[in-house]
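Chemist: Pasting a structure here, questions to come.
Every number in this text was worked out from the coordinates using simple rules, so none of it is lab data. Everything numeric in this text was worked out from a predicted model, so none of it was measured. All Cβ positions, even for glycine, are placed from backbone atoms using ideal geometry, and neighbour counts span all protein chains on display.
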Amino acid sequence: MENNNSAKIKNENASLNGNDKNNKDNGMMRGRGFKFGDDISTDLIAPGRYFHLRSNMAELAKHVLEDADPGFASKVKPGDIVAGGRNFGLGSSREHAPAIMKIAGVGAVLAKSFARIFFRNSINIGLTVLICDTDKIDEGDMLEIDLRKGVVRNLTKNLEIRFNPLPEVMIKILSDGGLVDHIIKNKGFNL
Amino acid sequence: MKTITEKILSSHAGRDVRAGDIAVVDVDIVMAQDGTGPLAVSQIKKLGFSKVANPAKSIFFIDHAAPSPRKELSDSHKVLRDFAKESGARLSDIGEGVCHQILVESYVCPGDVVIGADSHTCTSGALGAFATGMGSTDIAVGFALAKTWLLVPQTIKVNFNGKLGKGVYAKDLIIYLIGKITADGATYKALEFSGSVSSGLTIEDRFTISNMAVEAGAKAGIFAADETTNRYLGQRGRAECFKEIRADEGAKYEAEIDIDCTEVEPMISMPHTVDNTMPVSRIDKVKVDQVLIGTCTNGRLNDLKIAAGILKGRKIAEGVRLIVAPASRIVYLEALRAGIIETLIESGATVISPGCGPCVGIHQGILGDGEVCLSTQNRNFKGRMGNPDAFIYLSSPATAAWSAVRGFIADPREAL
C-alpha cells in the first residue's frame, strides 16, 4: 500500500502541497466540508462525456463531481474540503480527476480509503489526500486540518479526528512540489 | 521463496525486494492513450525531455476516441502523433485497437514490468508480467527515464479449482470473485491466479480475468507464464520472448482465496458498481436497450466466436441495438476470415472500429436517459457510457449475445 504503516508525517514538508495559501506557513488548512458517500469513481469526478475537455482543464473543472453532486462546482470555494467514504477515486487512471478538484479549489480530500491510482495521482500533482474516519463529518461542517499534529478538527461538532500519516516516500515527493519537480531537482528518483 | 510479483520486481530493482519494500524499478514497457497521453506529453516536456528513454517500447495509443468524433479530440490526437515523431516513441493509430490488446499481441513478454496511463494496464499480467496502471505524471517519468517507483505489493493468491459448468466463462469467474471480495478487496495488492482451472484457461480467458483485477482495487493481476503462454507467444511470432515464470513453493501470501468454479453460475454485475453481483438465473427480468460485445475485456476472437455461436441463425430482439467492438485489427480480421463478423451482422449487430468505443462514454453508442445496456466491458459506474441517467450491467459475451436475442437479461445456458 502506498500510504501504509509506519512513516511519520513531516508536516513542514506535507504542508507545501495543495491549497498553498491556506497551509503553507503553518501546516493548517481550513474549509467547509462537502460530504460524499462510498465508491466515488473518477467517472463521477470527471465524467467521460466531457472527455473532449481534458485538454482544457479549467473548463473541465466546471463539471467536477457533477454526477455525484450536480451543484458542487458552483458551490465549492477555495480551501473547501471533500469528505468521502470508502474507496474514493476508484476506476480510471485519469489524473484529470484530482487535477480538476484542485483547480476547482478543493484544498484536501478526506476519505476512509482511497483507490490506489487516485491516491498516487493526487500526491503527484499536489492535492492533499488523507485517510481518516469521515463518519464524524457532515455536509457544511467547518473543518480544520492540522498537518503537523495529524488531526482534522471538526469545528462545527467540536471534535478531533486523527488521520493516518503519509508514507515517507510520498512526503519526499510532496516536499519537492510533486513528482515532476522531484525528478528535476534530484535529476532522477531520490526516494 | 518469492511470489511472482517479488520475483519480477527484484529482477528490475537490481536487488532482492519483498512485499512492503519501496523500490525504484526499471520499466520495460511504458504507454499512454489518447485520454491520458496529451497530459503525459506536457509533463514529459516539463521534465525537460524531448526524447523517450526506450523508443521501441514506449507507445502512444489512439484508441479511446478513435476515429475522433470532435475537433478537440482531433487536436489531442495531433499532439500524440507529433510527439511520437519527435520523441521516437511508437504510435498506434486509429483502427489498430485497444492499447491493452495490442500490448499483449505485440509487446509484452513474461517477466516484464509494464506501466500504462490506463487503469486496465493490469491486463498484461495474464502473460506473467507485472503490469499496472498509473496517472499521466507517473507515466511521463516512465517515458523519460524508463523507471518508476513502486511499493512492492502483498499478494493475494486466488485458487480457481473445480470445473467450469456449461455457459460459465472467465468473465463469470472474475465477476464472481469481485462480488466476493468487493471493489476494494484487493486495493494495493497483487492478485496471483492459480489452481487447476487457471492453468487450464486459454490465454484469452486469462486476459479477461487480469483485465478486471483493478475492479477489485488490485495493483496487478498475474498468471504464471506456462505452456499456454508459450503457445500464444509462438502464434504471435514472439516465441523468443517466452520464459517460464511461477511463484516459488513456500512464497508468502497475505491471503489465499479458494473458489470452487463448479459452484459458479453465469454472473451479472448490476448498476452502478462492479461488485454488485448476482447470478443471471436470480435476477428479475431486465429489459435491455443496448448490448455491447467487445472491449479490452471481452473483444477477442473467442469472445466473438462464442457470441456468433449463439447468434447464428437468430435475430436480435426488436428494439435492441447490438454493438460489436473487436479489441484489435488483428482480432477483427481473424473474425472476418472465420465468418464470425458475417454471422454477427446477419443477426442485426452493428460492428464498430476496434477501440474503446462506447465503453468510455465518448461516442459510438452513448446511452439515452433511463436506458439499459448489457455490456461485456469491465466497468459499470454511473455515467460510464456517457449518461449518468442510464444503467449498465456487465456479463460474459454468451450472456450478452443471448440477452440480445431475448430482449432482456437472460441465462445463456438456455441457448447452449
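Chemist: Which net charge results when you count Lys and Arg as +1 and Asp and Glu as -1 among the other residues whose beta-carbon is under 12 Å from that of residue A:146?
Modeler: +3
Chemist: Further question: At 10 °C and 1.306 mPa s, what whole-number value in µm²/s does Stokes-Einstein give for the translational diffusion of region A:11-186, with Rh from the Kirkwood sum over Cα pairs?
Modeler: The estimated diffusion coefficient comes to 100 µm²/s.
Chemist: So for chain B, taking the charge dipole from beta-carbon charges (+1 Lys/Arg, -1 Asp/Glu), which of B:286, B:306, B:74 sits furthest toward the positive end?
Modeler: Of the candidates, B:74 comes out farthest on the positive side.
Chemist: While we're on this one: Return the average number of partner chain Cβ atoms within 10 angstrom of each residue Cβ along peptide A:58-71.
Modeler: Mean partner-chain Cβ count within 10 Å for A:58-71: 1.
Chemist: Under the Kirkwood approximation for Rh and a Cα-based Rg, what ratio Rg/Rh is obtained for region B:340-416?
Modeler: Looking at region B:340-416, the ratio lands at 0.97.
Chemist: While we're here: Using the charge dipole of chain A (Lys, Arg: +1 at Cβ; Asp, Glu: -1 at Cβ; taken about the Cα centre), state which of A:29, A:91, A:178 has its Cα farthest towards the positive end.
Modeler: A:178
Chemist: Between residue A:136 and residue B:286, take the C-beta separation as r, use R0 = 60 Å, and let me know the FRET efficiency to the nearest 0.05.
Modeler: For R0 = 60 Å, the calculated efficiency reads 0.95.
Chemist: With a 10 Å Cβ neighbour count serving as the proxy for reagent exposure, in which order, fewest first, do B:414, B:105, B:227 appear?
Modeler: Final ranking by Cβ density, sparse to dense: B:227, B:414, B:105.
Chemist: Have a look at the DSSP beta bridges in the protein assembly as shown and tell me what percent are antiparallel, nearest 5.
Modeler: DSSP beta bridges in the protein assembly as shown are roughly 30 percent antiparallel.
Chemist: To one decimal place, what orientation-averaged projected area in nm² is obtained for the convex hull of the Cα set of region B:106-227?
Modeler: In nm², the orientation-averaged hull projection of region B:106-227 is 7.6.
Chemist: Once the convex hull of the C-alpha atoms of region B:267-414 is built, how many Å³ does it hold per residue, rounded to a whole number?
Modeler: Here the figure is 87 Å³ per residue.
Chemist: Does chain B come out rounded, prolate or oblate by the C-alpha gyration tensor, with a ≥ b ≥ c the root eigenvalues, rounded set by a/c under 1.5 and, if not, prolate when a/b is larger than b/c and oblate if not?
Modeler: Taking the square roots of the gyration eigenvalues as a ≥ b ≥ c, chain B is oblate.
Chemist: Helix hunt in chain A: which complete DSSP H runs extend at least 27 Å axially by C-alpha with mean Kyte-Doolittle at least -1.0?
Modeler: TM-like helix candidates: nothing returned.
Chemist: When only Cα pairs under 8 Å and 6 or more residues apart are kept, what is the percent relative contact order across region B:267-414?
Modeler: 34 percent.
Chemist: What is the average number of partner chain Cβ atoms found within 10 Å of a Cβ in A:50-57?
Modeler: 6
Chemist: Would you mind classifying region B:23-152 by shape? Square roots of the alpha carbon gyration tensor eigenvalues, ordered a ≥ b ≥ c; an a/c under 1.5 is rounded, otherwise it is prolate if a/b is larger than b/c and oblate if not.
Modeler: oblate
Chemist: Excluding the sites themselves, what is the longest stretch of chain A that contains no trypsin sites (Lys or Arg not before Pro) in a DSSP loop with at most 16 other C-beta atoms within 10 Å?
Modeler: Segment A:25-147 is the longest.
Chemist: Given only helices, namely DSSP H runs of n ≥ 4 each adding -39500 (n - 2.57), what is the per-residue ellipticity at 222 nm of chain B, to the nearest 500 deg cm²/dmol?
Modeler: When only DSSP H runs of four or more count, the value is -9000 deg cm²/dmol.
Chemist: For the protein assembly as shown, build the convex hull from the C-alpha positions and give me its volume per residue in Å³.
Modeler: 135 Å³
Chemist: A further question on this structure: Tell me, what is the percent relative contact order of chain A, built from C-alpha pairs under 8 Å that lie six or more residues apart?
Modeler: About 28 percent, as a whole number.
Chemist: Here's another thing I want to ask about it. Tell me the trypsin sites (Lys or Arg not before Pro) within region B:1-105 that lie in a loop according to DSSP and have at most 12 other beta-carbon atoms within 10 Å.
Modeler: Hits after loop and neighbour filter: B:15.
Chemist: Mind putting a number on the dipole of chain B about its Cα centre? Charges go on the C-beta only, +1 for Lys and Arg and -1 for Asp and Glu, and I need it in Debye to the nearest 20.
Modeler: 560 debye
Chemist: Could the peptides B:365-372, A:65-72 be put in order, highest first, of the mean number of other beta-carbon atoms found within 10 Å of their residues?
Modeler: Result, highest mean first: A:65-72, B:365-372.
Chemist: Might you report the magnitude of the Cβ-based charge dipole of the protein assembly as shown about its Cα centre, with Lys and Arg at +1 and Asp and Glu at -1, to the nearest 20 debye?
Modeler: That gives the protein assembly as shown a dipole magnitude of about 880 debye.
Chemist: What's the local net charge at residue B:390, with K and R +1, D and E -1, over the other residues with C-beta under 10 Å away?
Modeler: -2
Chemist: Based on DSSP, what percent of beta bridges with both residues in chain B are antiparallel, to the nearest 5?
Modeler: 20 percent
Chemist: Next question. How much net charge surrounds residue B:81 when only other residues with a Cβ under 12 Å from its Cβ are counted (Lys, Arg +1; Asp, Glu -1)?
Modeler: -2
Chemist: In peptide A:32-45, what is the residue-averaged number of other protein chain Cβ atoms found within 10 Å of each Cβ?
Modeler: 3
Chemist: Same structure, new question: Which whole-number percentage describes the relative contact order of chain B, with Cα contacts under 8 Å and a sequence gap of 6 or more?
Modeler: Relative contact order for chain B comes out at 17 percent.
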